[in-house]
Amino acid sequence: MSHQQPEPVQVIKQRRDAALSALVASLPYVQFLGVQFERRGDELTAIMPYREVLVGNPLLPALHGGAIAAFLEISAIIELSWMGLWDDVENGSVTINDLASGQARALPKTIDFSVDYLRSGLPRDAYARARVNRSGRRYASVHVEAWQDNKTRLFAQATGHFLMPERG
């Protein structure tokens, strides 16, 4: 009886990183804002590097509210998409080429998205992490928190509801 060797950890890590990169690269607005994602296991942290074009009020200066809201919504959508892709990437039913060509799957559609601006976004890098509260076949609820220098001092948070794409 032949026993198949498991894939080396580095191969699995490279496949996961390539899948996440292809998913993020397929969204033009993510590229416009310069949002990046850092992956640790199955946990994603969104990073919006500071750029002067993101400032909405140069007198304070403070990040534009629209850029903050978009950052939070992008974080939620990528988290939902990544959660759905994780098993497909692991079992090989979705390839990196599928993701790069945009053929892998449709993205969740926003039903509603509510942002709480807790304090001014300072002119520095911003971070966000989304937590899926509920995810079914057709509907998902997500909470997102954003911070800058200190994770315990949030500058914005959001709650969103999404229509999930049909699987298969």
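Being surrounded by fewer than 22 Cβ atoms within 10 Å (Cβ to Cβ), within 26 Å of ARG15 (Cα to Cα), modelled with pLDDT of 95 or more and basic (Lys, Arg) is the requirement here; does ARG119 meet it?
For ARG119, the condition - surrounded by fewer than 22 Cβ atoms within 10 Å (Cβ to Cβ), within 26 Å of ARG15 (Cα to Cα), modelled with pLDDT of 95 or more and basic (Lys, Arg) - is not met.
Since ALA158 meets every condition but one in (1) at pLDDT 95 or above; (2) among the small types (Gly, Ala, Ser); (3) more than 30 Å from TYR50 (Cβ to Cβ), which condition does it not meet?
It fails just one condition, (3).
What number goes with the only condition from (1) of a type outside the set (Ser, Thr, Tyr); (2) loosely packed, with under 12 Cβ neighbours inside 10 Å; (3) at pLDDT 90 or above; (4) outside any helix (DSSP H, G or I) that VAL53 does not pass?
(4)
Output the number of residues of region 126-138 satisfying the condition of being surrounded by 14 or more Cβ atoms within 10 Å (Cβ to Cβ), out of contact with any Ser or Thr (no Cβ under 7 Å at 6 or more places or on another chain) and modelled with pLDDT of 95 or more.
So in region 126-138, the residues surrounded by 14 or more Cβ atoms within 10 Å (Cβ to Cβ) come out as 126-130, 132, 135.
Narrowing further to those that are out of contact with any Ser or Thr (no Cβ under 7 Å at 6 or more places or on another chain): 126, 132, 135.
In the following step, the residues that additionally are modelled with pLDDT of 95 or more were identified as 126, 132.
Counting residues in region 126-138 that are surrounded by 14 or more Cβ atoms within 10 Å (Cβ to Cβ), out of contact with any Ser or Thr (no Cβ under 7 Å at 6 or more places or on another chain) and modelled with pLDDT of 95 or more gives 2.
Any idea which residue in region 1-49 is surrounded by the fewest Cβ atoms within 10 Å (Cβ to Cβ), counting only those that are among the acidic types (Asp, Glu) and in contact (Cβ under 8 Å) with a residue 24 or more places away in the chain?
Filtering region 1-49 for residues that are among the acidic types (Asp, Glu) and in contact (Cβ under 8 Å) with a residue 24 or more places away in the chain, the one surrounded by the fewest Cβ atoms within 10 Å (Cβ to Cβ) comes out as ASP42.
Out of all the residues in region 69-86, which are at pLDDT 95 or above and farther than 13 Å from ARG129 by Cα?
Within region 69-86, ALA69, ALA70 meet the criteria.
Could you tell me which of the residues ALA22, ALA46 is of a type outside the set (Ser, Thr, Tyr), under 23 Å from VAL132 (Cα atoms) and not in a strand (DSSP E or B)?
Checking each option against the conditions leaves just ALA22.
Based on what the data block shows, is ILE77 closer than 17 Å to THR110 by Cα, in contact (Cβ under 8 Å) with a residue 40 or more places away in the chain and surrounded by 12 or more Cβ atoms within 10 Å (Cβ to Cβ)?
yes
The values are calculated or read from the model by the stated rules, or taken from the named source; none is laboratory data. This one's a predicted model, so the numbers in the text were calculated from it and none came from an experiment. In this analysis, Cβ positions are derived from the backbone assuming ideal geometry, glycine residues included, and neighbour counts consider all displayed protein chains.
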